[in-house]
Amino acid sequence: MSKGHIRTIADLEASTYGMVGGTGNALLKSSGVIGGFGVPHDATSNPFNAAADGLGDLYNVLYGQKVWSMLNQEVNALSMISKRPYTSSGWRILKSRPAGGSGNAFGLGTTNPGTDTSDLSGISADMIGGVGENASLDNNAQLRALSPEYTKLYVSPKTVAHLFEFSELGMELAAIDDGVGDIRSIVREDMGKHHAEVQNKMLLMPLEHYDNAEYELIEDNYTSLLKIVSSASELAAMGDADMTATSAGGSPGDLPTQMIRIFNANRSLSRSGGDYTGTDDFLSAEVDFGDTYAANDARVLTLTILNDMIRRIRQNGGNPKVMLTGYDTIQHISDLLQSQERFMDRKEIVPTHNGVRGVKGAEVGFRVATYYDIPIIPAKDMPQTGNATANKLSDILILDTDHLWLSVMKPTQYFENGITNGDPFGVGKLGNQGMYRTMGETGCSFFKGQGKITNIKSA
């Protein structure tokens, strides 16, 4: 063959990768292509025939320096939640009107402020502010002093940290002997991804894991969105269905405090005769779990269930910004729409420090399905809450991220010390240690603006 002519794949490889006589492999290796003596890429194929068995050890498969991940490491829950600087540990919320109750609609009843001021949650229809001419301000029932009811919630920042190490010898050998090269940079990158993925998992931790009989240290993690977007009635149903070790078998104790307590306040839950009773109040989100969490009460997800939850959130005053659910549930919703000859719209979104935002005409972000203009974000870690025996679907979180956030006290930082830095005594080993650390905690200022659909199945 004339020099420079390409007639075969081998010629093309030789020309592209600079192989002389078909034996070069440096560029193949750096490109992540397995090679060896310019012949088969199959480790079971030896270029030396049986008559030359003594030369067999001269052939080895060479591995590219790039490490390919075979894991799904998406962190969509962490990406979509809004981020705030940790400027204070607590916040104040209005839990009840001065009169008219704490429900969605202004509550009217028969209570007359002039005769009974013990409860103004449902005052009389004719005593809500209209006053007579030249009304007196002195003990006038029509102008009786009223007061809104406030409360305080607070959190403590959580520290999330992951430590790893590698020896001096390992670093040196990684640079030779067909190693990966700079082991520090490779491990550092993969540990950084792990650090983010763990935070994502914390945000989607199943509510039933908040059981101090099984997971004593779980409150050292970020408070899960599944715990924030919960309700007293849901907790009561989970207790009656024995979904935690503490409640199993009708034990005399109540559900664990870790499940009931949220931002240092308790959801209204009681137990009598083995049965739980939950009273939804300002700490309760909108949760649709069906009638009970019994296995035979799991519902097939319908558009009616989804539409009803969106309606309830909006009636509460919430403005849903995003849906967060599993890939299986997204597929089910798509199938429901296609059966009605309707199709999901798609929307360009971009995750920011303020949460997921739509971007019109921008060349950044990514496209996701929408439902009633609400982006549907897939989350691989979304749990399947419920006791259904088959065809379970991932929960659906419908969130108003204006009132849901991750307060960041210390953003993610990387630290490293050891022999490479001239300080083996700092780690006490002939090697290096690295660590990722993030400090923060989730928060919510409007629970009724958040919604959750659980205990669902596909068929």
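Just so you know, all these numbers are worked out from the coordinates, no wet-lab data involved. Here the structure is a predicted model, which is why all the values come from computation and not from measurement. Positions of Cβ are backbone-derived with ideal geometry, glycine not excepted, and every protein chain shown enters the neighbour counts.
Within a Cβ distance under 15 Å of GLN315, other residues only, what is the Lys/Arg minus Asp/Glu net charge?
Its environment carries a net charge of -1.
Quickly work out the SER156-to-GLU133 label distance, labels modelled 7 Å from Cα along the C-beta direction, and quote it in nm with one decimal.
6.4 nm
Could you check the spin-label model distance between ARG271 and ASN72? Points 7 Å from the Cα along Cα→Cβ, value in nm.
Calculated label separation equals 3.6 nm.
So how do 101-112, 386-397 stack up, highest first, on mean other-Cβ count within 10 Å?
386-397, 101-112
Beyond 24 Å between alpha-carbons counts as too far, so tell me which of LYS95/LYS457; LYS158/LYS429; LYS201/LYS321 fall in that bin.
LYS95/LYS457; LYS158/LYS429
With a 10 Å radius around each residue's Cβ, average the other Cβ atoms per peptide and rank 214-221, 368-375, 232-239, highest first. Before the final figure, lay out the partial values.
Values: 214-221: 14.1, 368-375: 17.1, 232-239: 24.4.
Highest-to-lowest ranking by the protection proxy: 232-239, 368-375, 214-221.
Mind ranking 447-453, 433-439 by how tightly packed they are, going by the mean number of other C-beta atoms within 10 angstrom, highest first?
Working: 447-453: 25.6, 433-439: 18.4.
Highest-to-lowest ranking by the protection proxy: 447-453, 433-439.
Using a Förster distance of 22 angstrom, determine the FRET efficiency expected from the C-beta separation of THR389 and ALA213, and round it to 0.05.
So, using R0 = 22 Å, E works out to roughly 0.35.
Expressed in nm to one decimal, what extension gain is obtained for the pair ILE305 and ILE186 from 0.36 nm per residue of sequence separation less their Cα-Cα distance? It would help to have the intermediate numbers written out before the result.
Details: separation 119, 0.36 × 119 = 42.84 nm, distance 4.61 nm.
Difference between extended and current length: 38.2 nm.
At 0.36 nm per residue, minus the direct Cα-Cα distance, what do GLU149 and TYR327 gain on full extension? Give it in nm, one decimal, please.
Full extension from GLU149 to TYR327 adds 59.9 nm.
Net charge near ARG271: determine it from the other residues with C-beta under 14 Å of the C-beta of ARG271, scoring Lys and Arg +1 and Asp and Glu -1.
After counting each charged neighbour, the total is -3.
Going out from 0 in 10 Å bins, what whole percent of all Cα-Cα distances in the stretch 159-249 drops into each bin?
14, 30, 21, 16, 12, 6, 0
Place a label point 7 angstrom from the Cα of SER89 along the Cα-to-Cβ direction, then list the residues of the stretch 417-453 whose backbone nitrogen is under 14 Å away.
Those under the cut-off are 440-441.
I want to check the label-to-label distance for GLU416 and THR110. Put each point 7 Å from Cα in the C-beta direction and report it in nm to one decimal.
Taking the two extended label points, one gets 7.6 nm.
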